[in-house]
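Worksheet: the structure to be examined is printed underneath.
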Amino acid sequence: MTSALFTPLTLRSVEARNRLWVSPLCQYSCEEQDGVPQDWHLVHLGSFARGGAGLVMAEATAIAPEGRISPWDTGIWDDAQRDAWARIVAFIHGQGSLAAIQLAHAGRKASTYREWSGTGSVPASEGGWDTVAPSAVAYEGYAAPAALDEDGIAAVVDAFGEAARRSLEAGFDVLEVHAAHGYLLHQFLSPLSNRREDRWGGPLVGRARLLLHVVRRVREVAGEDVPVFVRVSATDWLEPEGWTLDDTVTVSQWLREAGADLVDTSTGGLVPGVPIPVAPGYQVPHATAIRERSGIAATAVGHIVDAHQAERIVASGQADAVFVGREFMRDPHFPLRAAHDLGTEIDYWPAQYTRASWKARPALTADED
Ligand SMILES: Cc1cc2nc3c(=O)[nH]c(=O)nc-3n(C[C@H](O)[C@H](O)[C@H](O)COP(=O)(O)O)c2cc1C
């Protein structure tokens, strides 16, 4: 069978071998708290590449130390981090996947404990730091941030640019700007967290200004060949007071003009405790709306766990590709299994694993050594 999911996708100068992609997944595993990715990250990301993913996106990686969600996050603000990423990227490439990195600043949601180490903000006595945001409005349960001034905002744009440069030096094929899940750039977008009255706040065009500056800077650094994605939360799930799907559609058009190639469509994360209708593929309609109304490529993510479900989303034109998170963690070989489930031929089953392929199954008993 011809599969839409397993049809390659060309973005600028790179081609993803299929449209089943690994969503960014924070591992909070830099035990030295220096932002340098470890063997854990190599095996974690490498196994998805071995498993046949078209694109493997590295986790939310901080563009500056104070932009880390937790002290254990990966970073890309220095050369030691870049060099450690380069080893991981080389392995991903060796397995035939594209390597992407999500560039991030957590803003008022920075300096928090990882799930298994505590809850809430990490105090300075335990390695935490003061956080920044568009306005001095805390996320419920976290320490209050300081509002960024003009110099602070300029430094954020510069840091995204430097992070993009180091990412390219490490060999990444795709750069993603993280503007979702209630982190710094989303905090600027949403009227619930951005109460500024200067040019970085107020109407939509003011609240979107920082994101557009960042994307233009990243595009400048990336040149013409490298795809730039933006992950957005398409809604705060608190409409009309919060950030809405209509806002996202408008800003997606501006993002396209600013040099972005694809909107990676997620939702939520700015405010806790809002009802979210979580169900299989519940964020797919948001991706479809962006794709159809903004004229930019868009991907869907969220509770996509099955080959046929993923195939339907891509084949029906609801999204250009799908990102998958937890199903990849449950089964890093999800694409190899999905190709079998869809009855489609792929030529990237790892040579070392050939005897485990479904095609080789009848020979199993005769072939043990
Ligand atoms: C352990 C874990 C870590 C995550 N880390 C990130 C991250 O670094 N950046 C991001 O944008 N989303 C992150 N997410 C969200 C996922 O990328 C994905 O959007 C979400 O899990 C929904 O997809 P799924 O149902 O396929 O898991 C994370 C989710 C999980 C479960």
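Across the accessible surface of the range 292-353, with the other protein chains kept in place and a 1.4 Å probe, carbon and sulfur atoms take up 49 percent.
Which FRET efficiency, nearest 0.05, do E32 and T2 yield, Cβ-Cβ r, R0 41 Å? Don't skip to the end; give the middle numbers.
Values: r = 48 Å, r/R0 = 1.17.
About 0.30, to the nearest 0.05.
What FRET efficiency comes out for A360 versus T119 if R0 is 45 angstrom and r is the Cβ-Cβ distance? Round to the nearest 0.05. The formula returns an efficiency of 0.40 here.
Going from the alpha-carbon gyration tensor of the range 121-201, what semi-axes, largest first and in whole Å, does one get by taking the root of 5 times each eigenvalue?
Its equivalent ellipsoid spans semi-axes of 24, 18, 13 Å.
Provide T344, T2, T299 ordered by accessible surface of protein heavy atoms (probe 1.4 Å), highest first.
From most accessible down to least: T2, T344, T299.
D for the range 210-369, whole µm²/s, Stokes-Einstein with Kirkwood Rh over alpha-carbon pairs at 20 °C and 1.002 mPa s: what number? Answer from the Stokes-Einstein relation: 120 µm²/s.
Relative to the longest principal axis of the Cα atoms of the chain, the long axis of helix 284-294 makes an angle of roughly 70 degrees. Heavy atoms of the protein chains alone define the surface here; on that basis the chain has 40 Å² accessible area per residue at 1.4 Å probe size.
Computed over protein heavy atoms with a 1.4 Å probe, the carbon and sulfur contribution to the accessible area of the range 1-94 reaches 52%.
Counting only C-alpha contacts under 8 Å and six or more residues apart, can you give the relative contact order of the range 187-254 as a whole percent?
26 percent
Between the amide H of A146 and those of T131, V132, A133, distances stay under 5 Å, these residues lying 5 or more places away or on another chain, with hydrogens modeled in the peptide plane.
With an 8 Å Cα cut-off and a minimum separation of 6 or more residues, compute the relative contact order for the chain in percent.
So the answer I get is 16 percent.
Counted over the range 9-356, the DSSP beta bridges are approximately 10% antiparallel.
How do 87-94, 200-207, 176-183, 157-164 rank on mean C-beta neighbours within 10 Å, highest first?
176-183, 157-164, 87-94, 200-207
With N counted as the residues of the chain, its alpha-carbon radius of gyration over 2.2 N^0.38 Å works out to 0.97. Inter-label distance, D158 to R196: 1.7 nm, where each label sits 7 Å from its Cα along the C-beta direction. Treating r as the C-beta distance of E15 and D151 and R0 as 45 Å, the FRET efficiency rounds to 0.65. Near L192, once Lys and Arg are set to +1 and Asp and Glu to -1 for all other residues with Cβ below 14 Å from its Cβ, the sum equals 0. Computed from phi, the 3J(HN,Hα) profile of the range 32-48 under the Karplus parametrisation 6.51, -1.76, 1.60 (θ = phi - 60°) reads 7, 6, 10, x, 8, x, 10, 4, 3, 5, 4, 6, 4, 6, x, 5, 5 Hz, with x in place of Gly and Pro. Only helical runs count toward this figure. For the chain, summing -39,500 (n - 2.57) over DSSP H runs of n ≥ 4 and dividing by all residues gives -10000 deg cm²/dmol at 222 nm. Taking label positions 7 Å along the Cα-Cβ direction at both Q352 and V137, the computed distance is 5.1 nm, reported to one decimal.
In plain terms, the chain from D39 to D341 could stretch by 105.6 nm, reckoned as 0.36 nm per residue minus the Cα-Cα distance. Once both axes come from the Cα atoms, what is the angle between helix 245-258 and the longest principal axis of the chain, in degrees from 0 to 90, rounded to 10? It is inclined by approximately 80 degrees.
Per-residue 3J(HN,Hα) values for the range 125-133, derived from phi via the Karplus relation 6.51 cos²θ - 1.76 cosθ + 1.60 with θ = phi - 60°, read 4, 10, x, x, 8, 6, 9, 10, 6 Hz in sequence order (x marks Gly and Pro).
The values are calculated or read from the model by the stated rules, or taken from the named source; none is laboratory data. Computed from a prediction, not measured in an experiment: that's the story for all the values here. All Cβ positions, glycine included, derive from the backbone under ideal geometry; neighbour counts span all protein chains shown. Keep in mind that these areas ignore ligands, DNA and RNA; they rest on the heavy atoms of the full protein, side chains included. Shrake-Rupley method; radii C 1.70, N 1.55, O 1.52, S 1.80 Å.
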